[in-house]
Amino acid sequence: MGVFSYDYETTSPVAPARLFKAFTVEAPKVWPTAAPNAVKSIEVEANPSSGSIVKINFVEGFPFQYMKHQIGGHDENNFSYSYSLIEGGPLGDKLEKISYENKFEATAGGGSICKSSMKFYTAGDNVITEDEIKARIKGSETVYKPIEAYLLANPEACN
C-alpha cells in the first residue's frame, strides 16, 4: 500500500459557516435538495460524530451507486472537518480509502477559501497519478457546485 498526498484550494462566494454546515451537520437535508441530479439520499448512523458512518446514495445513472464516509471529526469554531471515504464511489480496485481534512476560511469579500488536504491510500502496488486525482476532484464538483448555488439562491439555508 502506498500513500499519496495532495492539497487543493478553491474559492466560494458563500460564507465559511454556511458551507461548513452544508457539508457536515445539515448535509443529509441539503445535498439531496441542492444536487438532485447526483444525490438521492444520505443515511447517517445516529448523530454525525467522530467514528460515525455516512452513506451517500446516488441517483440512477450516476457513475456509482453509493459511497461511505467515516467521520473523523468536526470543529465548528474553525469550520473544519475530516473524514475518510472507506467504501464505494471512486475507490474502485485501485484505492483502499481516501482521507480528507477540509477547512473553510473567510475571505475579505464575505466568501470562503476551502482548503482540502487529501491522502490517497492505494491497494497493493497501485499508484495514483496527479491527473487521476484532478479527475476525482472534478467529479466531486457535480455535488459541490450545486450545493454552492443552492446556498446562494437560498440565503436562509444553513444559517
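The values are calculated or read from the model by the stated rules, or taken from the named source; none is laboratory data. Just so it is clear, the model here is predicted, and its values are computed rather than measured. Backbone-built Cβ (ideal geometry, glycine too); neighbour counts: all protein chains shown. The protein model used for the area step is the full one, side chains on, heavy atoms only, and it has no ligands, DNA or RNA in it. Shrake-Rupley method; radii C 1.70, N 1.55, O 1.52, S 1.80 Å.
Tabulated data
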item	result
Rounded to the nearest 20 debye, dipole of the chain from Cβ charges on Lys, Arg, Asp, Glu	220 debye
Sparse-neighbourhood loop sites, GluC sites (Glu not before Pro) in region 50-100 - DSSP loop, at most 14 other Cβ within 10 angstrom	60, 76
Tally of Lys pairs whose C-alpha atoms are under 16 Å apart, taken over region 103-147, 8 or more apart or cross-chain	7
Potential lengthening between residue 123 and residue 55 on full extension [0.36 nm per residue; Cα-Cα distance subtracted]	22.3 nm
Of the DSSP H helices in the chain, those whose Cα atoms cover at least 20 Å axially and whose Kyte score averages 0.5 or more	none
List 44, 54, ordered by accessible area with a 1.4 Å probe, largest first	44, 54
Whole-Hz ³J(HN,Hα) from phi, Karplus 6.51 cos²θ - 1.76 cosθ + 1.60, for region 63-77, glycine and proline x	x, 9, 6, 7, 8, 10, 10, 10, 6, x, x, 10, 10, 5, 6
